[in-house]
Amino acid sequence: MADTVAPVAEQLDALETRLAEVESYLHVDEKRARVSELEQASAAPGFWDDAARARATMAELSSARDDVKAVEAAHAQLADARAALELASEMEGDDEVAELFAEAARSAEELARAVDQMELTSWFTGEFDHGDAIVTIKPGQGGLEAQDWTFMLFKMYMKYCERRGWKVTVNDCPAAEGIGIDRATFTVEGKDAFGMLRAEAGVHRLVRISPTDAKKRRQTTFAGVEVIPVLPDDIDIEISPDDIRVDVYHASGPGGQGVNTTDSAVRVTHLPTGIVVTCQNERSQIQNKAACMAILKARLYELELQKREDKLDEIRGPKHDIGFGNQIRSYVLYPYQMVKDLRTGVETGNVDAVLEDGDLDAFVVGYHRWATGNADYAPTSEADDM
C-alpha cells in the first residue's frame, strides 16, 4: 500500500505548494476584504441610481467572489483528499482501502485541474484580461479554401466558448460565394474571455485534401484571427458623426439563408482611418448600429495604443500578412493528422477534438505558460515542417 500511497501523497504536497502560491498571486485575503466592502456598497440606498457604476461594481464583486470561492473550494478538496489517503494508509486488505485510495487519486486530479485554472487566472495582469472579447476571423491566402477554413475556425470557436460557458453574440457572419464565409465577428462575454482568447490571435494554417479540387490535391490555406477587448463603460472614445458613413443592406447568414427581409444590416465606415465594421445579427438597424459602434470604439482604442506606444502587441500581438511564414498554429489533416502551435510546441493528433469539439484548453494554457515564462519548453520553429 505504501508504494501506491506515496505518489499521491507527493502529488498532494506539490499541489498544496502551488495552491499557496496562487493564493498569494490572487491576493485572496485582500479580495475577501474587498468582497465585504462591495457587498456593503451594493446594499446602500441609491446604489442603482448610477446604473453603469452599479454594473461595474457588481462585476467586480462577482469576480472577487469567484476567486475567493475557488481557493476555498480547492483547500476543502485538498483536505478531503488527504483524509481519504490517511484512512487508506491505515487500513489493510479490503475493498474499502481500494475505494478510499481511488477517491484520493480522483480528488488529486480534480484539484490539479482547478489549480491549473487558478494559475492561469493569476497570470492575467493586463487591463482587460478578465473582461469580454471581440473576435474577428478573416480569410487569408487560399481563395475559396480560405473562406471554408474561416467557417471551420468560426465553428471551432463557437464550440470552445460553449465548453467554457461563455455567452456569444454573433455580430457579423456573411456567407461567401461558393463555400464558407467572408468573415466572422462575434462578442464573447465571460470570466477571463479576453485573457484566454488573446492566445488565439494570429494566422492559422490548414493543410488538407481540397474538397473543391477534382484531382484531390493537397491544399494549404490560411485565416487570420483578431482578438480585441470590449471596452469598459468608463473608457470613452469620442467619434464625430461627420467621421462615419453608415450604410444599410439586407442581412444574410452562412449558407446563404436570409436572416430577415428588411434592410437591417449595418455597415459603419470610419472615414479618417478606413476602419469598416458590419453587424447583421440583430433585427433592427438601431441595435446593429449600436453593436457596430461598440466594435468601432474598441478598434479605435487599439489604434490609439498602437500610435502612442508604437507597437501592436499591447492588445492583439504583431500584425502579419495572413499567409506563408506568419502562422501561429498549423492544422494538418493530410498526409497525417496533427494540430501544432508553432510558438509553444503544444501539439495533438486528435484533430477532431480540436476542430469539431473546440478542445483548445491545452493550446490556450500552453500559450500563457510560454508567454509568462512558466513553460518548461521553448518555442518551436517552422523547421519542424508542420
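The values are calculated or read from the model by the stated rules, or taken from the named source; none is laboratory data. What you are looking at is a predicted structure, and each value in this text was computed from that prediction instead of being measured. Here the Cβ is made from the backbone with ideal geometry for all residues, glycine too, and neighbour counts use every protein chain on show.
For this structure, a couple of remarks:
- Residues in the stretch 24-56 that are closer than 15 Å to residue 67 by Cβ and modelled with pLDDT under 90: 24, 25, 26, 27.
- Checking the stretch 77-96 against the condition returns a match, with at least one residue being in a helix (DSSP H, G or I) and within 30 Å of residue 373 (Cα to Cα).
- Members of the stretch 228-238 found to be surrounded by fewer than 22 Cβ atoms within 10 Å (Cβ to Cβ) and in a strand (DSSP E or B), listed by number: 228
- Exclusive hit being more than 36 Å from the chain's Cα centre (by Cα) and either free of Cβ contacts under 8 Å to residues at least 40 places away in the same chain or surrounded by 20 or more Cβ atoms within 10 Å (Cβ to Cβ) (or both), set 103, 96, 110: 96
- Considering the stretch 213-230, and only residues there that are modelled with pLDDT of 90 or more and of a type outside the set (A, V, I, L, M, F, W, C), the residue that is farthest from residue 185 (Cα to Cα) turns out to be 218.
- Of the criteria (1) under 12 Å from the mean Cα position of the chain (by Cα); (2) not in a helix (DSSP H, G or I), which one residue 142 fails: (1)
- Residue that is surrounded by the most Cβ atoms within 10 Å (Cβ to Cβ) [pool: residues in the stretch 15-59 that are part of a loop (DSSP other than H, G, I, E, B) and under 28 Å from the mean Cα position of the chain (by Cα)]: 26
- Within the stretch 113-136, tally of residues that are free of Cβ contacts under 8 Å to residues at least 60 places away in the same chain and farther than 28 Å from residue 169 by Cβ: 2
- Enumeration of residues in the stretch 194-214 that are buried (at least 23 other Cβ atoms within 10 Å of the Cβ), of a type in the set (Lys, Arg) and outside any helix (DSSP H, G or I): 205
- Comparison of 133, 146 shows that the only residue that is more than 30 Å from residue 70 (Cα to Cα), touching a Phe, Trp or Tyr at 6+ places or on another chain (Cβ under 7 Å) and hydrophobic (A, V, I, L, M, F, W, C) is 146.
- Considering residues of the stretch 113-137 that are of a type in the set (S, T, N, Q) and not in a helix (DSSP H, G or I) only, the residue surrounded by the fewest Cβ atoms within 10 Å (Cβ to Cβ): 125
- Residues of the stretch 363-386 that are touching a helix residue (DSSP H, G or I) at 6+ places or on another chain (Cβ under 9 Å) and modelled with pLDDT of 85 or more: 363, 364, 365, 366, 367, 368, 369, 371.
- Selection of first residues in the stretch 191-212 that are closer than 27 Å to residue 178 by Cβ and of second residues that are of a type in the set (Phe, Trp, Tyr), restricted to Cβ pairs under 6 Å at least 6 apart or on distinct chains, gives the following pairs, ordered by first then second residue: 203/222; 205/222; 206/149; 206/331; 208/334; 209/334.
- The residue of the stretch 138-169 that is nearest to residue 233 (Cα to Cα), among those that are crowded, with 16+ Cβ neighbours inside 10 Å and touching a Cys at 6+ places or on another chain (Cβ under 9 Å), is 168.
- Tabulated pairs, the stretch 33-49, first of a type in the set (Gly, Ala, Ser), second surrounded by fewer than 10 Cβ atoms within 10 Å (Cβ to Cβ), C-beta under 7 angstrom, 6+ apart or interchain: none
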